[in-house]
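Asks: One structure, pasted below without further comment.
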């Protein structure tokens, strides 16, 4: 947990710094141009994985070596086939978006899928061994540095959107090479077989279905914006999502990977299983709620200060991401529970409800002609709420975590978050009333001053949250501190 936390914080800082620089070198339209293709690559990555990563982590018995050897054949093969399909469809992609420049961009970026597929098996082995220290603390930050430096240098050289394309290749290559170097998977130790592949596929098909459904929901928005609005809107959408997900996915990755491995080993001991699941939910909510509240109250000024006035329109996306983040803290815990219990189809069911809500909402927007950036962002928040409610009910029905237990785990952080929101909204109103254009900045000095104001408001909000949480549930704070101390000491409970 400690090393994963170190990796998350360093990755967050590096991503934040590089995004602050690249946003001033490239336009939202250029980011949107690359983003239109990247959504297709992201969806295709799920086919290459097909739940194999989780299947290897969860697998029991004496045939693990055979499973690893089988996956080392099937996963890269799927990645290669997927890359060829995307490359062959590059002209169709450009025609769909009415953007001729996408032909060669799509053809080139299609091979990111193959590079990604090579990292799946070694990453699964590292997660299974709970040996993610160097992977999270070194490789992930290094990939961000490689991406950021490449984009900055090539953008200054005038390559425009191609700087982002090449930067993605550098990042994917570093992650894949690092995973192989750390895991050292041995192909010859086992024997690939069709029967083992079928057993992996049986476990993974539920996760594949869930991931596909979730990915369709997540990527539908930029596709609709690219087709129905323009590349500028896609760039703003992805900027808000990228900045919003930096701290949120970091928290989920730090806790989720460890929690899934721990729960998988406790699936036959239901009392301990429920205790660990409840504590994980409580920790997730305690960490995610203050971040989500900050985005909900300060989304527009954060985007204006961090990326510049040209990107201020992405602030509405960040505000709705704040609500989605709080729902993520509730739903992701359920996801790990269902995977650990060997019930991945429940993940697919929840994702199906989420996607149905999102597609229905986007369809209404398209049909009524009310398609806009803020309306699409609202749909993201609605679908996140649907998913959270679905997972809460499913975990209750499964007997893994009752609704009452889930409420007791999150009620203190939710109450503290409401107090934090009131304080931060008050500060935002005061600043906007006294200095109407304080968050419209361009230039080095105004940006630094604006960042200072945003940071001050954030620190005040977090302080109010922490004090309120301490007043509502001191025992939770003590347990969180104890867990952190245990991680620092290198012990495992």
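Asks: Viscosity 0.890 mPa s, temperature 25 °C: Stokes-Einstein D of the stretch 343-493 from its Kirkwood Cα radius, in µm² per second?
Replies: Values: Rh = 19.6 Å.
So the translational diffusion coefficient is about 125 µm²/s.
Asks: How do the peptides 23-30, 161-168, 428-435, 449-456 rank, highest first, by the average count of neighbouring beta carbon atoms within 10 Å per residue?
Replies: Numbers: 23-30: 18.9, 161-168: 21.0, 428-435: 12.0, 449-456: 14.9.
Ranked by mean Cβ neighbours within 10 Å, highest first: 161-168, 23-30, 449-456, 428-435.
Asks: Computed over the Cα atoms of the stretch 1-192, what is the convex hull's projected area averaged over all directions, in nm²?
Replies: Values: hull surface 44.5 nm².
Dividing the Cα hull surface by four gives the mean projection, 11.1 nm².
Asks: Taking the convex hull of the alpha carbon atoms in the stretch 214-366, what volume per residue do you get, in Å³?
Replies: On the way: hull volume 15.4 nm³, N = 153.
Taking the convex hull of the Cα positions in the stretch 214-366, it is 101 Å³ per residue.
Asks: Ordered by packing density, taken as the mean number of other Cβ atoms within 10 Å over each peptide's residues, highest first, how do 379-389, 173-183, 82-92, 312-322 rank?
Replies: On the way: 379-389: 21.7, 173-183: 18.6, 82-92: 16.6, 312-322: 24.7.
Per-residue mean Cβ counts within 10 Å order the peptides as 312-322, 379-389, 173-183, 82-92.
Asks: If you don't mind, another one. For the stretch 338-413 and the stretch 268-328, what is the separation of their C-alpha centers, rounded to whole Å?
Replies: Their Cα centres are 15 Å away from one another.
Asks: For the stretch 49-106, take the alpha-carbon Rg, divide it by the Kirkwood Rh, and send me Rg/Rh. Can you show the working numbers first?
Replies: Details: Rg = 17.3 Å, Rh = 13.7 Å.
Taking Rh as the inverse mean 1/r over Cα pairs, Rg/Rh reads 1.26.
Asks: Could you tell me the convex hull volume per residue, in Å³, taken over the Cα atoms of the chain?
Replies: Numbers: hull volume 70.5 nm³, N = 493.
It is 143 Å³ per residue.
Asks: With 10 angstrom as the radius, rank 189, 245 by how many other C-beta atoms surround their C-beta, starting from the fewest. The partial results should precede the final answer.
Replies: Working: 189 11, 245 16.
Fewest to most other Cβ atoms nearby, the residues stand as 189, 245.
Asks: Calculate, in nm to one decimal, what residue 442 and residue 156 gain on full extension: separation in residues at 0.36 nm each, minus their alpha carbon distance.
Replies: Values: separation 286, 0.36 × 286 = 102.96 nm, distance 1.86 nm.
Extra length from residue 442 to residue 156 when fully extended: 101.1 nm.
Asks: Taking neighbour Cβ counts within 10 Å as the exposure measure, how do 248, 378 sort from fewest upward?
Replies: Working: 248 22, 378 18.
In order of increasing Cβ crowding within 10 Å: 378, 248.
Asks: Sticking with this structure for a sec: Is the shape of the stretch 217-493 best called rounded, prolate or oblate, per the rule: a/c under 1.5 gives rounded, else a/b larger than b/c gives prolate, else oblate, with a ≥ b ≥ c the square roots of the Cα gyration tensor eigenvalues? Walk me through the numbers before you get to the answer.
Replies: Numbers: a/c = 2.20, a/b = 1.29, b/c = 1.70.
Here the stretch 217-493 falls in the oblate category.
Each reported figure results from applying straightforward, stated rules to the coordinates on display, with no laboratory input. Keep in mind it's a predicted model, so treat the numbers as computed, not measured. Please note: Cβ atoms are built from the backbone with ideal geometry, for glycine as well, and neighbour counts cover all protein chains shown.
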